[in-house]
Amino acid sequence: MSQHQAAGPWFWLRGDGGSGRALAGVRHTVGLTQAEIARKLGMDRTTVIDIEAGRNTAVNRFVGLFNRMGYDLIAVPRGASVTVEAGGEGEPVP
């Protein structure tokens, strides 16, 4: 079981759309539009739209590699305190 203590929410990057949901959630939390985040990252707004919609195969494959090996990725606000306890043998930590 994981315990998260942070000022903002944390997000699981799980499944094909997990990274997109996380990006959209973080973007909303910090109050940025798709255009603003695209400009800050030096990319087109359509790229941000595609990632948020789960249509970026490179991102999906990256997250999927971890998921298929029994690991989850999480996005946690900087400065957050995170404690992760190991699950049973061969079981991913929820």
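None of the figures in this text is laboratory data; all of them are computed from the coordinates on show. Keep in mind the model is a prediction, meaning the values are calculated, not measured. Counting neighbours? That spans all protein chains shown, and the Cβs are built from the backbone with ideal geometry, glycine included.
Here the contact order of the chain, divided by its residue count and restricted to Cα pairs under 8 Å and six or more residues apart, works out to 45 percent. Listing Leu41, Leu73 from fewest to most neighbouring C-beta atoms within 10 Å gives Leu41, Leu73. Ignoring solvent entirely, what values of log10 I(q)/I(0) come out of the Debye formula for the stretch 2-84 at 0.20, 0.25, 0.26 Å⁻¹ when each Cα is a single scatterer? The calculated log intensity ratios at q = 0.20, 0.25, 0.26 Å⁻¹ are -0.95, -1.20, -1.23.
Expressed as an acute angle from 0 to 90° and rounded to the nearest 10, what is the orientation of the C-alpha long axis of helix 18-30 relative to the principal long axis of the chain? That helix lies at roughly 70 degrees to the long axis.
Taking Cα atoms only, the orientation of helix 57-68 departs from the longest principal axis of the chain by about 10 degrees.
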